[in-house]
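Trainee: Here it is: the structure, laid out below.
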Amino acid sequence: MKSMNRQDLEKTIVLAYEKEFGASAMNLDADFNALGFNSLQRVRLLFVLEEALNVDLADLNLHECHNLREVIDRLDQSPTL
């Protein structure tokens, strides 16, 4: 059974993203590459989300996601949360 609904998940991810990267996540569809994200920043995002959600996300292949909406979608479908 999931312990976090979609709305809470999205809010937690957006707040963690904005806190860490100092940028607004209002456009969840903004491509990470267009935002200037490199591979190290994507890894950093993974660690930030693991800390914010208090879970291990290594098996979800979040590095394949192109924007925050894809990250949220993948996490929302995960039985981990």
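Trainee: List the chymotrypsin sites (Phe, Trp or Tyr not before Pro) within the stretch 1-43 that fall in a DSSP loop (any state other than H, G, I, E or B) and whose Cβ has at most 13 other Cβ atoms within 10 Å.
Mentor: none
Trainee: Would you work out if the stretch 1-44 is rounded, prolate or oblate? Take a ≥ b ≥ c from the square roots of the eigenvalues of the alpha-carbon gyration tensor; rounded if a/c is under 1.5, else prolate when a/b is larger than b/c, oblate otherwise. Mind showing how you got there, number by number?
Mentor: Numbers: a/c = 2.11, a/b = 1.86, b/c = 1.14.
Verdict is prolate for the stretch 1-44.
Trainee: So for the pair Ser24, Met4, with labels modelled 7 Å out along Cα→Cβ, what separation do we get in nm?
Mentor: Going by the 7 Å Cα→Cβ label model, 2.4 nm.
Trainee: Let me ask something else. Give the residue from His63, Asn27, Gln41 lying farthest towards the positive end of the charge dipole for the chain; charges sit on Cβ (+1 for Lys and Arg, -1 for Asp and Glu) and the dipole is referred to the Cα centre.
Mentor: Toward the positive end, the furthest listed residue is Asn27.
Trainee: Counting just the Cα atoms, what span does the stretch 6-75 cover along each of its three principal axes? Round to the nearest Å and put the largest first.
Mentor: Reported extents, whole Å, longest axis first: 27, 23, 20.
Trainee: Report, in debye and to the nearest 20, how large the dipole of the chain comes out about its Cα centre when Lys and Arg carry +1 and Asp and Glu carry -1 on their Cβ.
Mentor: So the magnitude is around 100 debye.
Trainee: Another one. Add +1 for every Lys or Arg and -1 for every Asp or Glu among the other residues with Cβ under 12 Å from the Cβ of Asp29, and state the total. All intermediate terms of the calculation are to be shown ahead of the outcome.
Mentor: Working: positive: Arg69; negative: Asp31, Glu70, Asp73.
Once all neighbours under 12 Å are counted, the net charge is -2.
Trainee: If I model a spin label as a point 7 Å beyond the Cα along the Cα-Cβ vector, how far apart are those points for Asn33 and Ala58 in nm?
Mentor: Here the modelled spin labels are 2.8 nm apart.
Since every read-out is calculated from the coordinates, none of them should be taken as a lab result. Nothing here was measured: the structure is a model prediction, and the numbers come from that model. Quick reminder, even Gly has a Cβ in these numbers, built from the backbone with ideal geometry, and neighbours come from all protein chains shown.
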